[in-house]
Amino acid sequence: QVQLVESGGGLVQPGGSLMLSCAASGSIFSIYTMGWYRQAPGKQRELVAAITSAGSTNYADSVKGRFTISRDNAKSTMNLQMNSLKPEDTAVYYCNAHRFSVDYWGSGTLVTVSS
């Protein structure tokens, strides 16, 4: 079992920045592929960025060059640095831990990009 807790969401103006954090507990953090997903109102949840246990990353095309995912296995944490935010980035952002066919989810943190 893995427990995931997100933090760092909030209201930001277009063009601004936020950093989301995910704190994990309950299992060996380093063995999981970690990811950030988001779900906007009326839309399906989508992958934003993921990072493997070895540190390889991938990003949704919509956030490439603006968002950076990172992890600290020693601290069992994962971050998502979000720059140049756009109104279309508004969503609930979820932390995910994945290994084989098992997924764990946090409860989400709301990011609102609005002037």
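Summary of computed values
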| item | result |
| --- | --- |
| Residues being under 19 Å from Leu85 (Cα atoms) and under 13 Å from the mean Cα position of the chain (by Cα) - total across segment 1-34 | 8 |
| Residues satisfying the stated conditions in segment 77-102, i.e. open to solvent by 70 Å² or more (accessible area, probe 1.4 Å) and charged (D, E, K, R) | Lys86, Glu88, Arg99 |
| Qualifying residues in segment 35-55 (those that are part of a loop (DSSP other than H, G, I, E, B) and at negative phi) - the one least open to solvent (accessible area, probe 1.4 Å) | Ala40 |
| Odd one out for Asp72 among (1) of a type in the set (D, E, K, R); (2) within 13 Å of Leu11 (Cα to Cα); (3) exposed (fewer than 13 other Cβ atoms within 10 Å of the Cβ) | (2) |
| Answer residue from segment 56-76, given it is in contact (Cβ under 8 Å) with a residue 12 or more places away in the chain and under 11 Å from the mean Cα position of the chain (by Cα) and is nearest to Ser25 (Cα to Cα) among those | Arg71 |
| Sole exception among (1) of a type in the set (Ser, Thr, Tyr); (2) open to solvent by 30 Å² or more (accessible area, probe 1.4 Å); (3) in contact (Cβ under 8 Å) with a residue 24 or more places away in the chain for Tyr32, by number | (2) |
| Yes/no for Ser27 being surrounded by 14 or more Cβ atoms within 10 Å (Cβ to Cβ) and at positive phi | no |
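The values are calculated or read from the model by the stated rules, or taken from the named source; none is laboratory data. Keep in mind that this is a model prediction, so the values were computed, not measured. Counting neighbours? That spans all protein chains shown, and the Cβs are built from the backbone with ideal geometry, glycine included. Heads up: the accessible areas ignore ligands, DNA and RNA and are worked out on the full protein's heavy atoms, side chains in. Shrake-Rupley method; radii C 1.70, N 1.55, O 1.52, S 1.80 Å.
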